[in-house]
Amino acid sequence: MTQSLLHQILDYANRANPYPIYEELRKTPVHHEEDGPYVVSTYYEIRSLLHDPRISSDARNLASTALDPLSESAQEEGSALPPSFLRLDPPEHDRLRRMTNRPFGPPHSPLMIDGMRGELHGIVSGLIDGIGDPSRIDLVDQVSYPFPVTVICRLLGIPREDEARFHVWADAIAASLDPDPGADVTERGKKSNDARTQLGMYLAGLIEERRKKPGNDLLSELATAKGEDGSMTTMELLSTAALLLIAGHETTVNLVTNGMLTLLRNPDVLERLRTDPGLAVPIVEELLRFEPPVQLVPQRTTLADVEVRGVTIPKGASLWLVLASGNRDPQRFEDPDRFDPARRDNQHLGLGSGIHSCFGAPLARLEAQFALSELARRLENPRLLEDPPPYRQNAVLRGPRHLNISCDGIRP
């Protein structure tokens with residue numbers, strides 16, 4: 001029996017290359033299978049819906065009759081911590097996002113991210129120094145994962161000795177985003193809920209410490225802030241801190257790993273980056289289009305009947321937006337399956353769009369630029385040991401679980 005397109009997307013067998021499935025999906029821009037979500041795959045329609053106030057991010061608006069592989073886990077998740085602003089609608093979303101943004105970036109803290117350049121360079125350089133045997137390097141375990149984890153922990157003020165503690169929590173929470181039809185939803189929800197509870201308890205202790213004795217870190221700023229929007233409640237602060245911890249590294253791990261995999265498959269571009277680190281800026285933008293770290297947004301709900309390309313999506317329906325498919329839409333991008341860092345007008349969907357566009361986009365871009373330019377500069381004759389590499393199970397946060405490479409040496 002032929003698998004439905006939706007199940008093909010979710011099937012791990014297609015994780016290494018889902019793009020032919022997306023191409024097929026775009027032939028029906030609004031795809032709907034019986035009892036399943038409405039799946040939108042074309043660029044202009046996705047972008048429009050990301051800006052449409054009739055589209056909700058709050059799972060509580062999902063009609064009880066709408067079946068979605070994620071709905072049960074979303075409900076389970078809510079019992080541990082309240083929804084983060086990522087899963088709220090205005091005005092609650094806007095208030096919490098404004099409060100979080102105040103110490104994090106423009107316009108109130110315009111130099112926050114740019115001021116981290118020296119520290120970012122030092123962290124990634126130290127990780128490359130510690131690689132050891134150049135004949136077999138697991139880029140994920142040795143660079144792509146520890147780099148953004150270290151960065152977000154230092155930004156928030158997580159003690160260095162605790163940085164490893166939330167690895168298991170992060171994996172369990174990230175797994176809850178994966179609409180895997182073969183997974184035990186109850187068990188996955190329990191693991192996610194347990195992880196959020198443990199993370200919440202850990203953060204609660206840190207927040208209490210910061211309120212008594214604030215430091216020079218983002219968690220202290222959030223815990224003691226009193227602005228025009230008031231102060232965050234303890235539960236709001238907990239859910240926001242958990243979001244920043246998880247989202248602050250999960251997507252960047254994939255961006256760096258997908259990026260290095262793509263560069264190793266395009267050695268001419270890798271060599272140009274080695275001699276000209278300034279190329280990291282357009283390279284990262286094209287990577288966000290070509291191999292985005294978030295492939296699809298599966299948690300949207302219609303607040304009213306919405307017509308898209310002649311199809312009426314009913315109120316309360318589950319809506320999936322396949323960002324990675326939109327990024328390869330030939331109606332928007334010329335020769336979309338070609339990796340081209342010189343591409344002009346590259347308004348990709350790699351970091352989302354609209355009110356829920358990636359909160360940490362400036363930091364993610366900078367981290368990827370530093371990581372890829374330093375790896376290109378310092379690794380001598382790098383090459384893949386396995387292609388395709390083994391991928392993570394997750395269809396939403398798609399990226400290699402390991403990226404085993406070899407090189408002739410490591411330059412100082």
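The values are calculated or read from the model by the stated rules, or taken from the named source; none is laboratory data. Not measured: the values here are computed from a predicted model. Because the Cβ atoms are built from the backbone with ideal geometry, glycine has one as well, and the counts that use them run over all protein chains shown. To get the accessible areas, we keep the full protein, side chains included, count just its heavy atoms, and leave off ligands, DNA and RNA. Shrake-Rupley method; radii C 1.70, N 1.55, O 1.52, S 1.80 Å.
For residue 300, what residues show an amide H to amide H distance below 5 Å, using hydrogens built from the backbone and excluding near sequence neighbours?
It is 319, by chain and number.
Please check: in the Gaussian network model of the chain (C-alpha springs, under 10 Å), which one of 385, 261, 323 has the largest mean-square fluctuation.
Of 385, 261, 323, the Gaussian network model singles out 385 as fluctuating most.
For the chain, place one equal point scatterer on every Cα, skip the solvent, and apply the Debye formula. What is log10 of I(q)/I(0) at q = 0.06, 0.09, 0.12 Å⁻¹?
The calculated log intensity ratios at q = 0.06, 0.09, 0.12 Å⁻¹ are -0.23, -0.54, -1.00.
Rounded to the nearest 500 deg cm²/dmol, what is the calculated helix-only ellipticity per residue at 222 nm for the chain, with -39500 (n - 2.57) per DSSP H run of length n ≥ 4? The partial results should precede the final answer.
On the way: 15 runs with 181 residues, N = 412.
After summing the helix terms and dividing by the residues of the chain, the value is -13500 deg cm²/dmol.
Lysines within cross-link reach of residue 226: Cα-Cα under 24 Å, excluding same-chain residues under 8 positions apart?
212, 213
What are the lysines whose alpha-carbon lies under 26 Å from the alpha-carbon of residue 315, with same-chain residues fewer than 8 places away excluded?
27
What FRET efficiency comes out for residue 386 versus residue 355 if R0 is 41 angstrom and r is the Cβ-Cβ distance? Round to the nearest 0.05.
Working: r = 40 Å, r/R0 = 0.97.
Step by step, r from the Cβ atoms, then E = 0.55.
Per the Cauchy relation, a quarter of the hull surface: what is the mean projected area of the convex hull of the alpha carbons in segment 216-360, in nm²? Intermediate results must be reported in sequence, preceding the final value.
Working: hull surface 49.9 nm².
Reported value for the Cα convex hull: 12.5 nm².
Per the Debye formula with a single identical scatterer at each Cα and no solvent contribution, what log10 I(q)/I(0) holds for segment 279-348 at q = 0.15, 0.23, 0.25, 0.27 Å⁻¹?
Debye output, listed in q order: -0.60, -0.95, -1.04, -1.13.
Please state the relative contact order of the chain as a whole percent: Cα pairs under 8 Å, 6+ residues apart? Show your work: numbers first, answer last.
Numbers: 653 pairs, mean separation 110.5, N = 412.
Computed over the chain, the figure is 27 percent.
Whenever you get a sec, compute what percent of the accessible area on the chain sits on carbon and sulfur atoms (1.4 Å probe). Numbers along the way, then the final one.
Values: 9050 of 17650 Å².
Looking at the chain in its full context, I get 51 percent from C and S.
Can you work out the accessible area per residue across segment 86-167, with the rest of the protein chains kept in place, probe 1.4 Å, in square angstrom? Numbers along the way, then the final one.
Values: 3740 Å² over 82 residues.
Value for segment 86-167: 46 Å² per residue.
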